Amino acid sequence: MKKLLAILGFAAIVCMPASAQFSWGIRGGLNLVSNDLKSVNGESVTNKDNYTGFFVGPMAEFQIPVIGLGLDASILYSQKGLQIAEGEDLKNQSLSVPVYLKYTFGLGNMIGVFAQAGPQFDYKIGDLSSGELQSGSAVKEFILNQNTWSFNVGAGVKLFSHIQAAINYNLPLTEEGSYNLYENATTGHLDTASEQASEAFDASTLQFILTWTF
């Protein structure tokens, strides 16, 4: 990861000559999340595999016109999550900072195609845990990690010099959180195990991105 960030930092320096073009704008879109979360017996502990959320925030881009190489970064409020029971969701809210190394080639004055890749840092905000209560004691609990890292790979199109539409895949590099089982205060037993159990889980995300630059 450190080597990757160093490479992207070097790319940022390369992309800053006087001929570089700078633009900024607003970015938003949808998160289609797939939570890899299984109980100790291998069955899904969520009511649905995918959870749809959204993201929005400012972005900035530097690009060298002749070679098409650039750097794209944004600060986004992002909401993902998982449904842990009927009518009960654990919202996974974060401030996300994706940084892309971006290559663009034009197909005319009105349209361009680009590919992008780079790391993303997420800092969780809001509630980090949620549990099901039984006789005053949490039997099942979901806990999110405060900080996570992931890697983005995507492609898209630029239209009329101001509109960008892209599809991106966010691959987790660190665990999203953990799913814990606790002793039932009434029965003295766990739901699915004879002792306290904990399992880490991660979440991959397919993103649909729309950007307007100024």
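The values are calculated or read from the model by the stated rules, or taken from the named source; none is laboratory data. Since the structure is predicted, the reported quantities are computational estimates derived from the model, not experimental observations. All Cβ positions, even for glycine, are placed from backbone atoms using ideal geometry, and neighbour counts span all protein chains on display.
At pLDDT 70 or above, under 26 Å from residue 206 (Cβ atoms) and not acidic (Asp, Glu) - does that describe any residue in the stretch 60-67?
yes
Quick one: residue 66 ticks every box in (1) in contact (Cβ under 8 Å) with a residue 40 or more places away in the chain; (2) closer than 16 Å to residue 155 by Cα except a single one, so which number is it?
Every condition holds for residue 66 apart from (2).
Kindly indicate whether residue 158 is within 16 Å of residue 74 (Cα to Cα), surrounded by 13 or more Cβ atoms within 10 Å (Cβ to Cβ), modelled with pLDDT of 80 or more and over 17 Å from the mean Cα position of the chain (by Cα).
no
Would the stretch 123-138 turn up any residue that is under 21 Å from residue 35 (Cβ atoms), within 13 Å of the chain's Cα centre (by Cα) and modelled with pLDDT of 95 or more?
yes
Do the conditions hold for residue 38, that is, is it at pLDDT 55 or above, charged (D, E, K, R) and exposed (fewer than 13 other Cβ atoms within 10 Å of the Cβ)?
Taking the combined requirement at face value, the residue does not satisfy it.
Check residue 87 against each of (1) of a type outside the set (Val, Ile, Thr); (2) surrounded by 14 or more Cβ atoms within 10 Å (Cβ to Cβ); (3) modelled with pLDDT under 95 and name the one condition it does not meet.
(2)
Here is a list of conditions, (1) modelled with pLDDT of 90 or more; (2) surrounded by fewer than 19 Cβ atoms within 10 Å (Cβ to Cβ), and residue 96 meets all of them except one; can you say which number that is?
(2)
Restricting to the stretch 95-111, and then to whatever is closer than 27 Å to residue 78 by Cα and not aromatic (Phe, Trp, Tyr), can you tell me which residue is farthest from the chain's Cα centre (by Cα)? Full working, then the answer.
We begin by selecting, within the stretch 95-111, every residue closer than 27 Å to residue 78 by Cα; these are 95-104.
Imposing the further condition that a residue be not aromatic (Phe, Trp, Tyr) reduces the set to 95-99, 101-102, 104.
Working: 95: 10, 96: 7, 97: 9, 98: 9, 99: 12, 101: 17, 102: 18, 104: 23 Å.
Filtering the stretch 95-111 for residues that are closer than 27 Å to residue 78 by Cα and not aromatic (Phe, Trp, Tyr), the one farthest from the chain's Cα centre (by Cα) comes out as 104.
Applying the selection to the stretch 92-126, what residues are of a type in the set (A, V, I, L, M, F, W, C) and over 18 Å from residue 207 (Cα atoms)?
Once the filter is applied, which keeps residues that are of a type in the set (A, V, I, L, M, F, W, C) and over 18 Å from residue 207 (Cα atoms), the stretch 92-126 yields 105, 107, 110, 111, 125.
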